[in-house]
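Working notes for the structure below.
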Amino acid sequence: MQQPISGFSKRNKAEKIKWIVEQHFEDPKAAAALLTSYSHPDASVQEKHDEFIENTLSNFYLPMGVAPNFLINGRYFTLPMVIEESSVVAAAGKAAKYWADRGGFRTTILGMEKVGQIHFLCSEKSDIVQAFFESAKKTLIRSCAPLLERMEKRGGGLLDLKLINKTAALADYYQLHATFDTQDAMGANFINSVLEQLAKQLLIASRDYPAFAAQEQPVEVVMSILSNYVPNCLVRAEVRCPVTELEAEDNLTPEAFAQKVIQAVQIAQVEPYRAVTHNKGIMNGIDAVVLATGNDFRAIEAGIHAYAARDGHYRSLTKAFIENETFVFQMDLPLAVGTVGGLTQLHPMVKWSLELLQNPSARELMQIIAVAGLAQNFAAIRSLVTSGIQQGHMKMHLLNILNQLDASAEQKEQAIEFFKTNAVSHSAVQAFLTSKA
Ligand code: MEV
């Protein structure tokens, strides 16, 4: 039975590995050897990885692929994609080519505003709390000057600070709702430092406010933290072309294909079971580029799904419609990403990915990521409403099945040839390998 351990994080790496493999694995030697084999051979690179988190024992690889031919606002990009799902990169490449032949992707930044909140309790009357806030606002902001200086030099800073009365939802609950421009940084550390300073000053000011005099500590700060919900840090990506220029598989006419795509998106607008899978396909593209560029995919996932449910109903992130005989496929996406700070300077592969993307600003990276999501959704719907998803998906999955079944290099080559014209399934591949044994 596994025993608890104290002071684990204080042990060195070799000691941690020894304890882990001896406690948990049937073959401790093999388990330790695997960890070593996934460590970077260059000790200085491995050290960087070790220091990203606590208790690093090794690395966990995911494949990094690229999808070329993304024409975005008239410029070509090759997208770096970190993802394990077989068909995603191929689908991105296909959609990129399809739309490059029809004018490419267009993107627009609709807003760059980040958000942070100080959540506090105050039992005073709300008009007194409002008057207190108005009297203290300038001092609060002034107290952050040293923290704001560098960001302001880069053109960003604290944009606004508002008091929001939330007492109808929760007794005595107020917020200071702060908005920020963090330029090319994702800005989490900057925002949280400013919020904590504002909260400190809020407490000081509240103790000095005469109308609160009856209480020693009239304001109780519960917490100060940025929000990953950024509905005003928004990018729009779209493709459009005359309906007659659409091309589909399965001998569908361009008009019938356009209608099927529109219907598929409408279903995802009204039906949450479908919307979740529809949006998951969009996240295949988004997360892959977000990971490759060292951004926080958990924050981005949380923010995007909240946005998809912003009217109280979880819906498709994309829209499809016909406007003056032009087919339009479009998505607005909240995205708080950075191209400076965080992992961008520390992870060698992140630096590589950013150079591949021509060292984008945060605004440009938002546009590229949105395009990756839109392309992925188009590719999925194009297959779903025509041949179905399995044909392409299983073709890409063939190598995984062959590897699971320990096929030799020669068997793999034969199988790839055979399954060009035969349906792929686990049992079909197994039968094929048996026939060749
Ligand atoms: C699979 O990873 C993603 C899809 O299910 C997305 C969709 O259904 O739209 C193909």
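Figures for the structure shown
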{"item": "Enumeration of residues in the range 205-233 that are among the polar types (S, T, N, Q) and within 16 Å of residue 120 (Cα to Cα)", "result": "206, 215, 217, 224, 227"}
{"item": "Residue in the range 302-316 that is closer than 30 Å to residue 116 by Cβ, within 15 Å of the ligand (Cβ to nearest atom) and aromatic (Phe, Trp, Tyr) present", "result": "yes"}
{"item": "Top-ranked residue of the range 30-87 - restricted to ones that are surrounded by 13 or more Cβ atoms within 10 Å (Cβ to Cβ) and small (Gly, Ala, Ser), ranked as farthest from the ligand (Cβ to nearest atom)", "result": "32"}
{"item": "The one condition in (1) in a helix (DSSP H, G or I); (2) in contact (Cβ under 8 Å) with a residue 60 or more places away in the chain that residue 133 fails to fulfil", "result": "(2)"}
{"item": "Subset of the range 252-268 that is crowded, with 16+ Cβ neighbours inside 10 Å and within 14 Å of the ligand (Cβ to nearest atom) - its residue that is farthest from residue 319 (Cα to Cα)", "result": "260"}
{"item": "Subset tally (residues that are among the β-branched types (Val, Ile, Thr) and under 23 Å from the mean Cα position of the chain (by Cα)) for the range 261-276", "result": "2"}
{"item": "Candidate set from the range 350-394 (those that are within 19 Å of residue 234 (Cβ to Cβ) and outside any helix (DSSP H, G or I)); member that is farthest from the ligand (Cβ to nearest atom)", "result": "361"}
{"item": "First in the range 20-42 and closer than 23 Å to residue 62 by Cα, second anywhere and not in a helix (DSSP H, G or I), Cβ under 6 Å, 6 or more apart", "result": "31/25; 35/57; 35/58; 38/58; 38/59; 39/58"}
{"item": "Residue pairs meeting the criteria (Cβ under 7 Å; at least 6 apart or on separate chains; first touching a residue at least 60 places away in the same chain (Cβ under 8 Å), in the range 74-95; second of a type in the set (Ser, Thr, Tyr))", "result": "80/353"}
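Every read-out reported here was derived from the displayed coordinates using simple, explicitly stated rules and does not represent laboratory data. This one's a predicted model, so the numbers in the text were calculated from it and none came from an experiment. We place every Cβ from the backbone using ideal geometry, glycine too, and count neighbours over all the protein chains shown.
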